[in-house]
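The values are calculated or read from the model by the stated rules, or taken from the named source; none is laboratory data. Here the structure is a predicted model, which means the values were calculated and not measured. Reconstructed Cβ throughout: ideal geometry from the backbone, glycine too, with neighbour counts over all protein chains shown.
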Amino acid sequence: MWGVEQGGRAEGLAGAENLLLHFTSFAEDWSKLPVIVSGEGCYVTDDKGRTYVDGLAGLFTNQVGNGRGELGEVAARQMKELGFFPNWSFQHPRSLELAAKLAEIAPGDLSSTFFVSSGSEAVETVIKLARQYHHANGEPSRYKIISREVAYHGTTMGALSATGLPDFKAPFEPLPQGFYHVPNTQQDPEGAADAIEEAIEFGPPETVAAVILEPVQNSGGCLVPPPDYWKRVREICDRHGVLLCSDAVICAFGRLGEWFGIERFGVVPDMTSFAKGATSGYSPMGGVVVREQVHRTFAENAPMFVHGSTFGGHPVSSAVALENIKIIEREKLLENVYALEGHFGDELRRMAEGHPIVKEVRGMGFFWAVELKPERADGTPLREDEYQRYFKGVLSQALLDNGLICRFEDKEDPVIQYSPALVADRELLSRIAEITDSALTQLELELGYRV
């Protein structure tokens, strides 16, 4: 693997003027952004030869680490055997095998999978499944979807409507109707579950189709719910005939130490989305797994589920997902997350003790956040231009300069997020905390916390 000591090409790569980047500010000089060219395990290297700790697993995605030749070999074999065929009125072996494997590892009686190509498509499918389910069940008036404030659920129009981030939605309004948002567990830890019931009752209940929640909410910074939150929401949904949907696009495939994340909270949802970690990002894959009763209602009362995706259950992606699951099982990566989540949290908390700018450390599994105070040492809130300069400038650059790719996000309060590959060991997790320590020290010097 190319490393810092080995040098590399200094010139930029062609195409910078032709590539339109995702969620990247036009105020940035895109020609100066890192160009990642290779990876090995929990590390990636740019075109200048500089190696970074990938503390975000690409984007909460690469569970088994970079450089997995066996995944490439499986993909190549499948391409030679059957490069593509859809799941429209036909089937192929790999999607059948993957559906069977997901039924085996999913919690409870979640047993039937509809495949798509991404997390946004998966959430879009959840919305369509919920609405058509109630049509098939004789309650066509149920169409409303309840989700949480600040939560991000995707970019397609339905998933974007479920997203609780007004600034993300404003450029695309008017959006589809029937979407409602309630406080998340960080905004109202004690009343968040009650807020869901209040929203259903206000609906009124006979108009509400589903509640969509992430096991641990990503946007806002790894918002771990109170211990009884999910069980209470399950009881509320059952009481009112509302489907409970877990959006596990980020949390599934080991991020929280379980296959679908929701297992940590002791409930079985009516359906769960997944994507990202299903293939560790080596090939696009997403989907929704539904309970037996949901599948049975469709089979008995509807001519078909009126939805489709050309590449859903793609033979190559399905083959890669099956091998990815084998790696997670063979190398006991779920157990690794459980074994090291305490160490990861302890290292971040130990680091935070020396930084008055830190407000809170929270998370579980390999999914953690450090929340910061957007203020000077004397408590004076930062002006917008100061915030941009210090948090999005000094802090973000210090993290990168010290060799860590993580995520600074401020959709609610400013947080640094970490989501390393499940193969990370104690030393790498400690290194993430060390680099954060150095970057926060630099930020605090700028803001008068240190002299």
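Things to note:
- Note on region 432-451: among residues that are touching a residue at least 12 places away in the same chain (Cβ under 8 Å) and β-branched (Val, Ile, Thr), the one that is farthest from TYR390 (Cα to Cα) is ILE432.
- Residues satisfying the stated conditions in region 309-327, i.e. more than 17 Å from GLU97 (Cα to Cα) and surrounded by 14 or more Cβ atoms within 10 Å (Cβ to Cβ): SER309
- Scanning region 184-202 for any residue that is surrounded by fewer than 24 Cβ atoms within 10 Å (Cβ to Cβ) and under 16 Å from VAL123 (Cα atoms) turns up nothing.
- Residues of region 44-56 satisfying the condition of being over 16 Å from the mean Cα position of the chain (by Cα) and either closer than 17 Å to VAL370 by Cα or in contact (Cβ under 8 Å) with a residue 60 or more places away in the chain (or both): VAL44, ARG50, THR51, TYR52, VAL53
- Among residues of region 167-183 being more than 20 Å from the chain's Cα centre (by Cα) and farther than 19 Å from ASP247 by Cα, the one that is surrounded by the most Cβ atoms within 10 Å (Cβ to Cβ) is LEU175.
- Count of residues meeting criterion [within 13 Å of GLY403 (Cβ to Cβ), surrounded by fewer than 22 Cβ atoms within 10 Å (Cβ to Cβ) and among the acidic types (Asp, Glu)] in region 35-63: 1
- Looking at region 271-380, the strands (runs of 3 or more DSSP E) lying wholly inside it that each contain 1 or more residues that are over 26 Å from SER118 (Cα atoms) sit at 358-364, 367-372.
- In region 86-104, the residue that is farthest from VAL74 (Cα to Cα) out of those that are of a type outside the set (D, E, K, R) and surrounded by fewer than 17 Cβ atoms within 10 Å (Cβ to Cβ) is SER89.
- Just one of the listed residues (LEU96, LEU59) is within 29 Å of ASP247 (Cβ to Cβ), out of contact with any Asp or Glu (no Cβ under 7 Å at 6 or more places or on another chain) and without any contact (Cβ under 8 Å) to a residue 24 or more places away in the chain, and it is LEU96.
- A search for C-beta distances below 6 Å between a residue of region 151-173 that is under 17 Å from GLU214 (Cβ atoms) and any residue that is among the aromatic types (Phe, Trp, Tyr), counting only pairs 6+ apart in sequence or on different chains, returns SER161/PHE179; ALA162/PHE179; THR163/TYR152.
- Residue match in region 372-388 (condition: surrounded by fewer than 22 Cβ atoms within 10 Å (Cβ to Cβ), closer than 22 Å to GLY345 by Cα and either assigned by TED's automatic domain parsing to the domain that holds ASP46 or not charged (D, E, K, R) (or both)): yes
- Residue within region 350-358 that is β-branched (Val, Ile, Thr) and within 23 Å of the chain's Cα centre (by Cα) present: no
- The residues of region 423-442 that are within 21 Å of ASN62 (Cβ to Cβ) and in contact with a Lys or Arg (Cβ under 8 Å, 6 or more places away or on another chain) amount to a single one, ALA433.
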